Amino acid sequence: MPVTNYGTFQPDELMPLIPSLFVGGNFLSLAFFPGSFEFDTEFVHFDRVLDDKRMAPLVAPLAQGKIQQPKGYRMETLIPASIKPKNQVRADEVLKRLPGERIGGEMSASDRAAAIRENYLLGHQQKIARRKEWMASSILRTGSVTLVGDDYPSTVVNFQRSGSLTVTLAGASRWGQAGISPYDNLETWIGLVGDTSGAAVDIVTMDRLAWGLFVADAKVKKLLDRTLGQTHAINLGFTAQIPGRPSYMGRIGEVEFYVYNDVYEDDAGASAKLIPDYTVLLGSMAGVEGSWLYGCVQHAANNYAAGAYFPHNWVEDGTGAEFIETITAPICAPKRIDATLCATVN
């Protein structure tokens with residue numbers, strides 16, 4: 001008599017069910033936080049190199065050289081909040097046909113259960129990607145991100161961006177007001193990023209409302225080149241068919257312009273924009289050179305090992321209820337936060 005296996009999936013059996021795919025809402029993560037580091041402790045660490053702009057000292061020809069102590073670096077440490085999307089594989093799902101399955105059903109219950117697990121795991125990846133993109137957006141817009149959740153006290157991770165790199169236009173200086181040139185503002189801001197960080201801005205991302213005011217500027221209409229390809233979006237793997245893709249609007253010199261209108265549901269279930277209305281983000285991809293830092297997944301079945309994601313499932317004794325969950329503990333860290341600027345233009 002064949003032996004029926006009622007055991008749960010092992011992590012190495014579940015992992016192949018998560019293919020590499022682009023999901024909606026990951027443009028900012030891919031553009032500015034392409035790196036990835038996995039830690040085998042609950043803490044993640046990153047070093048902030050302190051800028052040294054001193055000139056070499058002048059001395060007499062026969063005098064001794066003057067020692068200049070290096071400014072060094074500052075190590076920063078934090079415990080990222082865990083992200084744990086979780087679903088129950090319910091019997092009523094397994095015992096009736098899946099969407100798209102022939103009326104009356106054509107799959108066995110075990111095959112249907114495997115397909116349900118896979119769909120839940122893919123859904124977990126999409127939800128995690130949106131949470132990560134929310135973190136990236138907050139850091140690029142404000143220079144910080146506030147993490148708060150169940151049993152996780154409110155924690156502000158502040159990368160200490162220069163205050164001059166967060167701009168809010170008010171009154172008669174807002175875009176759309178008489179005599180205000182968005183192009184002139186942008187030139188000033190690009191120069192400010194260069195002076196502050198030494199980095200050259202190569203991507204400007206706006207919501208559609210800010211873009212409408214920007215492109216109405218006569219200087220922009222004259223200089224904007226829409227004929228060249230969207231180099232950065234293509235290099236990041238985006239195509240016209242990808243959900244949540246950035247819309248390439250053209251380029252001026254070496255700076256590419258994108259409109260990004262992807263949305264997410266916040267913790268209260270309300271729809272929110274990853275880039276708020278009238279927001280302009282300037283950034284240097286090579287300047288920011290950020291990374292995702294993953295803390296150790298603190299779960300016994302994971303053997304407390306390093307890893308970006310830990311998918312697992314289990315069946316509760318007594319009730320026989322099956323659950324499937326993906327655990328990760330990420331935070332994104334820019335190497336040079338001053339290679340970004342955010343402006344609210346109206």
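For region 153-167, the criterion of being under 20 Å from LYS84 (Cβ atoms) and of a type in the set (Phe, Trp, Tyr) is met by none of the residues.
For region 195-217, the tally of residues that are part of a helix (DSSP H, G or I), over 22 Å from LYS273 (Cβ atoms) and more than 23 Å from the chain's Cα centre (by Cα) stands at 2.
Only one of the listed residues (GLY171, GLY176) is in contact with a helix residue (DSSP H, G or I) (Cβ under 7 Å, 6 or more places away or on another chain), over 30 Å from PHE323 (Cβ atoms), at pLDDT 95 or above and of a type in the set (Gly, Ala, Ser). That residue is GLY176. Total residues in region 245-254 satisfying the condition of being touching a helix residue (DSSP H, G or I) at 6+ places or on another chain (Cβ under 7 Å) and either assigned to a strand (DSSP E or B) or modelled with pLDDT under 60 (or both): the figure is 3.
Of the strands (runs of 3 or more DSSP E) entirely within region 93-174, those holding at least 1 residues that are more than 29 Å from THR328 (Cβ to Cβ) occupy 166-168. For region 140-170, residues that are among the basic types (Lys, Arg) and more than 13 Å from the chain's Cα centre (by Cα) total 1.
Answer yes or no as to whether SER137 is among the polar types (S, T, N, Q), within 27 Å of the chain's Cα centre (by Cα) and within 21 Å of PRO276 (Cα to Cα). Taking the combined requirement at face value, the residue satisfies it.
Take the conditions (1) surrounded by 18 or more Cβ atoms within 10 Å (Cβ to Cβ); (2) of a type in the set (S, T, N, Q); (3) assigned to a helix (DSSP H, G or I); THR188 misses just one of them, which is (1). In region 157-185, what residues are free of Cβ contacts under 8 Å to residues at least 24 places away in the same chain and either exposed (fewer than 12 other Cβ atoms within 10 Å of the Cβ) or within 25 Å of ILE139 (Cβ to Cβ) (or both)? Scanning region 157-185 gives ASN158, GLY163, ALA170, GLY171, ALA172, ALA178, GLY179.
Applying the selection to region 302-320, what residues are surrounded by 13 or more Cβ atoms within 10 Å (Cβ to Cβ) and either modelled with pLDDT under 90 or within 26 Å of LEU28 (Cβ to Cβ) (or both)? Selection gives ASN302, TYR304, ALA306, GLY307, ALA308, TYR309, PHE310, PRO311. The residue that is modelled with the highest pLDDT, among those in region 73-112 that are surrounded by fewer than 10 Cβ atoms within 10 Å (Cβ to Cβ) and closer than 30 Å to VAL156 by Cβ, is THR77. Whether a residue is more than 15 Å from the chain's Cα centre (by Cα), at pLDDT below 95, closer than 25 Å to GLY194 by Cβ and among the hydroxyl-bearing types (Ser, Thr, Tyr) was assessed, and THR231 passes this test.
The values are calculated or read from the model by the stated rules, or taken from the named source; none is laboratory data. Treat the numbers as computed from the prediction; the structure is a model and nothing was measured. Cβ: placed from backbone, ideal geometry, glycine included. Neighbour counts: every protein chain shown.
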